[in-house]
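Nothing in this text is a laboratory measurement; each read-out follows from the coordinates by a stated rule. Bear in mind that the values here come from a model prediction, so they are computed numbers and not experimental data. Glycine gets a Cβ as well: all are built from the backbone with ideal geometry, and neighbour counts include every protein chain shown.
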Amino acid sequence: MVQTFITLNDGNKIPQFGLGVYQVPEGEATINAVKTALGMGIRHIDTAHAYQNERSVGKAVKESGIPREEIWITTKLWPSEYGEGKTSDAIDKMLKRLDTNYIDLLLLHQQFGDYIGAYKDMEHAVKDGRIKSIGLSNFESERLEEVLNMAEIPPSVLQVECHPYYQQNELKKRVEKYGTVIESWYPIGHGDKNLINEPLFTKLAQKYGKTNVQIILRWHIQKGTIVFPRSTNPVHIKENFEIFDFELTEDEMNEIRKLDSGKRFFNMTLEQQEQMLGSWKPED
Ligand SMILES: NC(=O)c1ccc[n+]([C@@H]2O[C@H](COP(=O)([O-])OP(=O)(O)OC[C@H]3O[C@@H](n4cnc5c(N)ncnc54)[C@H](OP(=O)(O)O)[C@@H]3O)[C@@H](O)[C@H]2O)c1
């Protein structure tokens, strides 16, 4: 099975499919999940400082024996690390935690605090080789345009909630001219049973001899978004990756488009997010 890559606006090639490790505990759980994924041929891991498991991701990558340059690591800075000079130091700490001398993709995790100062430091880190690609996560307000307009290096990706119930077609249009690609978080609705068991997915799963989750993940791939479902179950990790040997028709893609109901699983106003997320600080 040949997995697909996307060439980003800076020329770097990212594996379109990866493994997410949100809410996977530091230690054996993360190490095992990452090693299992790498052992199956998955070459893209999505972590964050806030997930508190970067050390385990770094350990698993080292212990896998796979050359570092064959693995794509994405991680994210938390608002408590934003600010010119401050972000540069935070990047150095991140490199230590991940036990690597460069990061493939670094994102600003949330749209709060001194994100402009942080973005400038990320641009410097690209120039001095500590970071290959940079991007944003959860910037869906007008703060997105604020960064897009000041950026010397436009964001390569924008990581947001995206699944068949919330397809992000408007947001995709807002970033199109910058060549920014959408990355889907909660790609299978955080495991939501109603989404997974949609009759349309059951029908398509029967047609292609696949599971409902595989149909959803294949839809992400054909839509051109980057996707990294989370699982610690080796059976699910394998199943999720086996989506490169079939293709949904245009009519089927259009049928799935009709499921776009505007339903989000993470529902908070900007003010609520700022209150909840802005005050929290991950440990080093
Ligand atoms: N930037 C952000 O703010 C942000 C926010 C949220 C998430 N993310 C990223 O996006 C990634 C994915 O999001 P997520 O982990 O929250 O949600 P998700 O990938 O949509 O769903 C994960 C859930 O689905 C289950 N699952 C996985 N494969 C399955 C399968 N084949 N069949 C049935 N159930 C399956 C998992 O359980 P099992 O372990 O039992 O398989 C887990 O409970 C995260 O890990 C993280 O990297 C980013």
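Structural remarks
- Net dipole in debye of the chain [+1 Lys, Arg Cβ; -1 Asp, Glu Cβ; about Cα centre; nearest 20]: 600 debye
- For GLY20, the residues 5 or more places off, or on other chains, whose built amide H falls under 5 Å of its own are ASP46, ARG230, SER231.
- Remark on the chain: ratio of C-alpha radius of gyration to 2.2 N^0.38 Å is 0.96.
- Scalar couplings 3J(HN,Hα) for segment 179-189, obtained by applying the Karplus form with A = 6.51, B = -1.76, C = 1.60 to θ = phi - 60°, are x, 7, 9, 7, 10, 9, 9, 6, x, 10, x Hz; x denotes Gly and Pro.
- Between the Cα long axis of helix 115-127 and the first principal axis of the chain there is an angle of about 90°, rounded to the nearest 10.
- Compared with the dominant principal axis of the Cα atoms in the chain, helix 212-223 is inclined by about 60°.
- Using a cutoff of 8 angstrom between alpha carbon atoms and counting only pairs six or more residues apart, the relative contact order for the chain works out to 20 percent.
- Cross-link pairs beyond the 25 Å C-alpha cut-off, checked among LYS13/LYS177; LYS59/LYS210; LYS35/LYS96; LYS172/LYS263; LYS35/LYS76: LYS59/LYS210
- Seen from PHE265, the other residues with C-beta closer than 9 Å to its C-beta sum to a net charge of 0, counting Lys and Arg as +1 and Asp and Glu as -1.
- Between helix 199-208 and the chain: long-axis angle, C-alpha atoms, 0 to 90°, nearest 10: 80 degrees
- Summarising the amide proton neighbourhood of GLU161: residues at separation of 5 or more, or on other chains, whose placed amide H is nearer than 5 Å comprise TRP185.
- Centroid-to-centroid, using Cα positions, segment 225-258 and segment 150-209 are 11 Å apart.
- Around ALA118: net Lys/Arg minus Asp/Glu count, Cβ-Cβ under 13 Å: -3
- Of the peptides 220-226, 58-64, 234-240, the order by per-residue mean of other Cβ atoms within 10 Å, starting with the highest, comes out as 220-226, 58-64, 234-240.
- Relative contact order %, segment 1-82, counting alpha carbon pairs below 8 Å whose residues are six or more apart: 28 percent
- The chain - mean residue ellipticity at 222 nm from DSSP helices (-39,500 (n - 2.57) per run, n ≥ 4, rounded to 500): -11500 deg cm²/dmol
- In order along segment 86-101, the Karplus-derived 3J(HN,Hα) couplings, from 6.51 cos²θ - 1.76 cosθ + 1.60 at θ = phi - 60°, round to 5, 5, 4, 5, 5, 5, 4, 5, 4, 4, 5, 4, 7, 6, 9, 9 Hz, and Gly and Pro are given as x.
- Inter-label distance, nm, simple model (7 Å from Cα along the C-beta direction), ASP260/VAL126: 2.7 nm
- Cross-link pairs LYS127/LYS281; LYS62/LYS238; LYS132/LYS203 - those with Cα-Cα distance over 32 Å: LYS132/LYS203
- Summing charges over all other residues whose Cβ lies under 14 Å from the Cβ of GLU145, with Lys and Arg as +1 and Asp and Glu as -1, gives -1.
- Averaging the Cα positions of each part gives two centres, and for segment 24-50 and segment 107-131 these lie 24 Å apart.
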